[in-house]
Ligand SMILES: NC(=O)c1ccc[n+]([C@@H]2O[C@H](COP(=O)([O-])OP(=O)(O)OC[C@H]3O[C@@H](n4cnc5c(N)ncnc54)[C@H](OP(=O)(O)O)[C@@H]3O)[C@@H](O)[C@H]2O)c1
């Protein structure tokens, strides 16, 4: 029998990708400010995940076997909801015996001592990373069976994601756009990530799991790869820069070690180049 999956943040970037591919489940998604959305075979429920009664009603209606909690990112007021929503869902998932998968970030680290393993000490240096680190601790204390997935930048190769859209737009506006060569991340293709996450949803993997892309790229390398993929010519206003010169306080090297997920999961994580090939061949 198909299991019941609830994806929070069903209108969000990752949530929507998950719901489109979760055909092995009976799927439901949550919406917050998005008034409505339609996806074949998916039911949507409006819910503020910071509201305890709202969360109870949601879970009574959906009766999920698994929750993948993607809602509450660094966008808009999402940060405010990170800790309360994580706490409510962690508690409810224990009480109702629901498998709980929470999305966290590489930004729980400060970027000074990469590569980062699951057991590496966290030391966030921005409010988003701080809220996610607090949420992780709360979940571990309330529901030790929960899976906490730490990932890196998610990129899309069919429709440019938010950051790639800004980069592409800058080739038309001519606005100075600096891509840091000293900021390293392990970006992962959102379609690949969604597939691997759905595999996680079929397994019991308690604790923290690093699930990021298989290569460490700097912002310049990633930006250039994505511009090439979308057939956009680089313009002179897009320049190499460094965090140092910018005066910004950002984590520099957030390279993650994802070997635990490699051992536990079957679906491979693919590089930017492999993802580009897969996208092109699926479209031709
Ligand atoms: N995107 C990345 O590169 C990246 C990297 C590392 C980790 N992550 C993590 O992965 C997850 C998914 O990221 P994403 O980029 O897909 O996020 P996103 O596109 O910004 O979507 C987040 C969703 O959260 C919902 N939301 C916000 N506050 C809520 C609340 N109080 N109650 C219910 N729903 C609420 C919003 O719903 P409405 O739109 O309906 O208002 C929104 O659709 C997040 O947890 C993020 O921190 C993302």
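The values are calculated or read from the model by the stated rules, or taken from the named source; none is laboratory data. Just so you know, these numbers come straight off a predicted model, no measurement behind them. Heads up, the Cβs are rebuilt from the backbone with ideal geometry, glycines too, and the neighbour counts pull from every protein chain shown.
Among the residues making up the range 154-184, those that are within 10 Å of the ligand (Cβ to nearest atom) and either part of a loop (DSSP other than H, G, I, E, B) or within 20 Å of residue 80 (Cα to Cα) (or both) are 156, 161.
Looking across the range 38-74, just one residue is in contact (Cβ under 8 Å) with a residue 40 or more places away in the chain, surrounded by fewer than 17 Cβ atoms within 10 Å (Cβ to Cβ) and near the ligand (Cβ under 9 Å from one of its atoms), and that is 74. Among the residues of the range 1-36, those that are part of a loop (DSSP other than H, G, I, E, B), closer than 22 Å to residue 193 by Cα and within 15 Å of the ligand (Cβ to nearest atom) comprise 9, 10, 11, 12, 22.
Look through the range 121-153, keep the residues that are part of a loop (DSSP other than H, G, I, E, B) and either in contact with a helix residue (DSSP H, G or I) (Cβ under 7 Å, 6 or more places away or on another chain) or within 13 Å of the ligand (Cβ to nearest atom) (or both), and return whichever of them is nearest to residue 189 (Cα to Cα).
153
Would you confirm whether or not the range 108-115 contains a residue that is away from the ligand (no atom under 16 Å from the Cβ), without any contact (Cβ under 8 Å) to a residue 60 or more places away in the chain and surrounded by 15 or more Cβ atoms within 10 Å (Cβ to Cβ)? So far as the range 108-115 goes, no, none of its residues is away from the ligand (no atom under 16 Å from the Cβ), without any contact (Cβ under 8 Å) to a residue 60 or more places away in the chain and surrounded by 15 or more Cβ atoms within 10 Å (Cβ to Cβ).
For residue 225, state whether it is surrounded by fewer than 22 Cβ atoms within 10 Å (Cβ to Cβ), at pLDDT 95 or above and on the phi > 0 side of the Ramachandran plot. Spelling it out, it is not the case that residue 225 is surrounded by fewer than 22 Cβ atoms within 10 Å (Cβ to Cβ), at pLDDT 95 or above and on the phi > 0 side of the Ramachandran plot. Would you confirm whether any residue within the range 236-250 is part of a loop (DSSP other than H, G, I, E, B), closer than 30 Å to residue 3 by Cα and in contact with a strand residue (DSSP E or B) (Cβ under 9 Å, 6 or more places away or on another chain)? No, the range 236-250 has no match at all. Residue 212: surrounded by 20 or more Cβ atoms within 10 Å (Cβ to Cβ), touching a helix residue (DSSP H, G or I) at 6+ places or on another chain (Cβ under 9 Å) and not in a helix (DSSP H, G or I), yes or no? Judged against the criteria, residue 212 is a match. Every condition in (1) free of Cβ contacts under 8 Å to residues at least 60 places away in the same chain; (2) within 10 Å of the ligand (Cβ to nearest atom); (3) within 20 Å of the chain's Cα centre (by Cα); (4) farther than 27 Å from residue 214 by Cα is met by residue 83 except one, and the failing one is (2). Checked against the criterion of being over 16 Å from the mean Cα position of the chain (by Cα) and within 25 Å of residue 154 (Cα to Cα), the candidates 58, 39 yield just one match: 39.
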